[in-house]
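To keep things clear, I will list the structure first and then write my remarks on it.
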Amino acid sequence: MSDRRQALLARFRAGSVDRIRRITLALIELEQGRGDAALLQEVGRELHTLKGEARMLGLLELSELVHGAEDLVPRGDLPARATCARIIAGLDVAAGWLRGELDGEPAALAAARARMVSEGPRSNTAGSVAPRD
């Protein structure tokens, strides 16, 4: 791998870990009922950007995991607590992978995506704006 690509990946990894931290903090706000539709939209935008950047760099497993998280973000109602928790758990694996804690093992990302997108609520079915379970 070229020095330039290594430097680019290092910057991406550091920036993405920080982005995941911000997304996670926003999801915690939503999970605790302190968020609003604007915060939910920000989460969606941040996930979309992270997914696209990962794909552009050829990190397809990471892009797919983030795509799974993005698909769980509801359009309209705020997410249920369980949904926030599932996204946070998936992003935690992504952050660990980005920090090199998983020995670069892409299978861990695929497994995290599968767990994250498995059964469970996407959003509140009652149409309220406060997360509930």
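Annotations
- Residues in the stretch 28-54 that are under 15 Å from Leu98 (Cβ atoms) and touching an Asp or Glu at 6+ places or on another chain (Cβ under 9 Å): 4 in all.
- Condition met for Thr24 (hydroxyl-bearing (Ser, Thr, Tyr) and free of Cβ contacts under 8 Å to residues at least 60 places away in the same chain): no
- Listed conditions (1) open to solvent by 70 Å² or more (accessible area, probe 1.4 Å); (2) more than 15 Å from the chain's Cα centre (by Cα); (3) closer than 22 Å to Gly104 by Cβ are all met by Ser2, apart from (1).
- When the stretch 21-54 is filtered for residues that are hydrophobic (A, V, I, L, M, F, W, C) and either open to solvent by less than 20 Å² (accessible area, probe 1.4 Å) or under 20 Å from Arg113 (Cβ atoms) (or both), the ones remaining, listed by number, are Ile23, Ala26, Leu27, Leu30, Leu40, Val43, Leu47, Leu50, Ala54.
- Listed by first and then second residue, the pairs linking a residue in the stretch 91-118 that is among the hydrophobic types (A, V, I, L, M, F, W, C) to a residue that is assigned to a loop (DSSP other than H, G, I, E, B) and open to solvent by 40 Å² or more (accessible area, probe 1.4 Å), with Cβ atoms under 7 Å apart and 6 or more places separating them unless they lie on different chains, are Ala108/Leu102.
- Just one of the numbered conditions (1) modelled with pLDDT under 85; (2) open to solvent by less than 50 Å² (accessible area, probe 1.4 Å) is not true of Thr125: (2).
- Failed condition for Leu59, given (1) of a type outside the set (Val, Ile, Thr); (2) under 14 Å from the mean Cα position of the chain (by Cα); (3) open to solvent by less than 40 Å² (accessible area, probe 1.4 Å): (2)
- A search for C-beta distances below 8 Å between a residue of the stretch 30-59 that is free of Cβ contacts under 8 Å to residues at least 12 places away in the same chain and any residue that is among the hydroxyl-bearing types (Ser, Thr, Tyr) and part of a helix (DSSP H, G or I), counting only pairs 6+ apart in sequence or on different chains, returns Gly52/Ser63; Arg55/Ser63.
- Taken as a whole, the structure places Val117 among residues that are under 15 Å from Glu61 (Cα atoms), modelled with pLDDT under 95 and surrounded by 17 or more Cβ atoms within 10 Å (Cβ to Cβ).
- Considered as a group, the residues in the stretch 75-114 that are among the acidic types (Asp, Glu) and open to solvent by 60 Å² or more (accessible area, probe 1.4 Å) include one that is nearest to Arg19 (Cα to Cα), and that residue is Asp92.
- Answer from Leu65, Leu78, Leu47, Leu40 - the residue that is on the phi < 0 side of the Ramachandran plot, assigned to a loop (DSSP other than H, G, I, E, B) and aliphatic (A, V, I, L, M): Leu78
The values are calculated or read from the model by the stated rules, or taken from the named source; none is laboratory data. Since this is a predicted model, take the numbers as computed values, not measurements. All Cβ positions, even for glycine, are placed from backbone atoms using ideal geometry, and neighbour counts span all protein chains on display. Note: accessible area is taken over every heavy atom of the protein model, side chains too, but ligands, DNA and RNA are not part of it. Shrake-Rupley method; radii C 1.70, N 1.55, O 1.52, S 1.80 Å.
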